[in-house]
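Reading through the structure tokens given below for one structure.
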Amino acid sequence: MENCLFCKIIKGEVPGHKIYEDENTFVFLDINPWSRGHCLVLPKKHIRNILEADAESLMALILTAQKISVLIKNKLGAEGINVLQNNSRLAGQMVDHIHFHIIPRYKNGSLQISHKTDYKGDDLEETQKLLTEIG
Ligand code: 5GP
Ligand code: ZN
């Protein structure tokens with residue numbers, strides 16, 4: 001897509017630190033890493049988010065995400081990996097070309113990913129009903 005930053009990086013029109021590519025996917029370092037080796041895994045095809053992604057692209061993405069996770073563990077000594085993927089501005093998506101964040105976690109690393117929320121209200125049975133009823 002013409003005005004997409006990540007399409008431009010894939011095409012080499014904007015510089016990026018490429019780590020890996022194959023037929024369908026492309027990986028480069030996040031310019032503002034949360035930890036050493038923070039990578040972004042994306043499809044070469046412009047797809048906005050997970051809601052619009054086709055099955056073939058999603059399969060290719062998750063397989064590349066796994067490959068890069070193994071690479072990061074082996075080469076950088078990460079003890080853990082977070083795989084994160086944001087959809088919509090509300091959820092923190094800033095670039096509208098779907099990407100998985102591969103975020104290495106190191107012993108004694110300072111990164112904290114918080115699960116904190118004030119939300120307490122879920123009626124689990126009602127929510128289950130809504131999500132599983134047909135139609
Ligand atoms: P999002 O918030 O959309 O899930 O993630 C977008 C990510 O893209 C951010 O972590 C941000 O640091 C990264 N980013 C934004 N602009 C550039 C850029 O020009 N080059 C690279 N390599 N990463 C970028
Ligand atoms: Zn794009």
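The values are calculated or read from the model by the stated rules, or taken from the named source; none is laboratory data. This structure is a prediction, so every number in the text was calculated from the model and none was measured. Note: ideal-geometry Cβ built from the backbone for every residue, glycine included; neighbour counts use all protein chains shown. When the accessible area is computed, the model is the full protein with side chains, heavy atoms only, and any ligands, DNA or RNA have been set aside. Shrake-Rupley method; radii C 1.70, N 1.55, O 1.52, S 1.80 Å.
Residues that are at pLDDT 95 or above and in a helix (DSSP H, G or I): does segment 82-89 have at least one? Lay out the reasoning, then the answer.
Taking segment 82-89 and keeping what is at pLDDT 95 or above, we get 82-89.
Filter once more, keeping what is in a helix (DSSP H, G or I): 89.
Yes, because at least one residue in segment 82-89 is at pLDDT 95 or above and in a helix (DSSP H, G or I).
Which residues, taken from segment 19-54, are within 17 Å of residue 69 (Cβ to Cβ) and in contact with an Asp or Glu (Cβ under 6 Å, 6 or more places away or on another chain)?
38, 40
List the residue pairs whose Cβ atoms are under 7 Å apart, where the first residue sits in segment 1-16 and is free of Cβ contacts under 8 Å to residues at least 24 places away in the same chain and open to solvent by 40 Å² or more (accessible area, probe 1.4 Å), the second is in a loop (DSSP other than H, G, I, E, B) and more than 9 Å from ligand 2 (Cβ to nearest atom), and the two are 6 or more positions apart or on different chains.
The qualifying pairs are 8/14.
Which one of these does residue 20 not meet: (1) away from ligand 2 (no atom under 16 Å from the Cβ); (2) outside any strand (DSSP E or B); (3) open to solvent by less than 70 Å² (accessible area, probe 1.4 Å)?
It is condition (2) that residue 20 fails.
For residue 47, work out the one condition from (1) over 25 Å from residue 107 (Cβ atoms); (2) open to solvent by 20 Å² or more (accessible area, probe 1.4 Å); (3) assigned to a loop (DSSP other than H, G, I, E, B); (4) not hydroxyl-bearing (Ser, Thr, Tyr) it doesn't fulfil.
Single failed check for residue 47: (2).
Filter segment 90-100 down to residues that are hydrophobic (A, V, I, L, M, F, W, C), within 16 Å of ligand 2 (Cβ to nearest atom) and outside any strand (DSSP E or B), then give me how many there are.
The first filter runs over segment 90-100 and keeps only residues hydrophobic (A, V, I, L, M, F, W, C), leaving 90-91, 94-95, 98, 100.
From what is left, the residues that are within 16 Å of ligand 2 (Cβ to nearest atom) are 94-95, 98, 100.
Narrowing further to those that are outside any strand (DSSP E or B): 94-95, 98.
The total comes to 3.
Determine whether segment 98-106 contains at least one residue that is open to solvent by less than 40 Å² (accessible area, probe 1.4 Å), within 14 Å of ligand 1 (Cβ to nearest atom), in contact with a helix residue (DSSP H, G or I) (Cβ under 6 Å, 6 or more places away or on another chain) and within 17 Å of residue 24 (Cβ to Cβ).
yes
Here is a yes/no grid of residues against (1) open to solvent by less than 70 Å² (accessible area, probe 1.4 Å); (2) in a loop (DSSP other than H, G, I, E, B); (3) touching a residue at least 40 places away in the same chain (Cβ under 8 Å); (4) under 24 Å from residue 2 (Cα atoms):
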{"position": "35", "(1), (2), (3), (4)": "yes, yes, yes, no"}
{"position": "42", "(1), (2), (3), (4)": "yes, no, yes, yes"}
{"position": "59", "(1), (2), (3), (4)": "no, no, no, no"}
{"position": "70", "(1), (2), (3), (4)": "no, no, no, no"}
{"position": "78", "(1), (2), (3), (4)": "yes, yes, yes, no"}
{"position": "108", "(1), (2), (3), (4)": "no, yes, no, no"}
{"position": "126", "(1), (2), (3), (4)": "no, no, no, no"}
{"position": "129", "(1), (2), (3), (4)": "no, no, no, no"}
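Which count do you get for residues in segment 23-33 that are within 13 Å of ligand 2 (Cβ to nearest atom) and open to solvent by 20 Å² or more (accessible area, probe 1.4 Å)?
Result for segment 23-33: 0.
Return yes or no: is residue 57 more than 16 Å from residue 19 (Cα to Cα) and not basic (Lys, Arg)? Quick ask: steps written out before the conclusion?
On the way: more than 16 Å from residue 19 (Cα to Cα): yes; not basic (Lys, Arg): yes.
So residue 57 passes the test.
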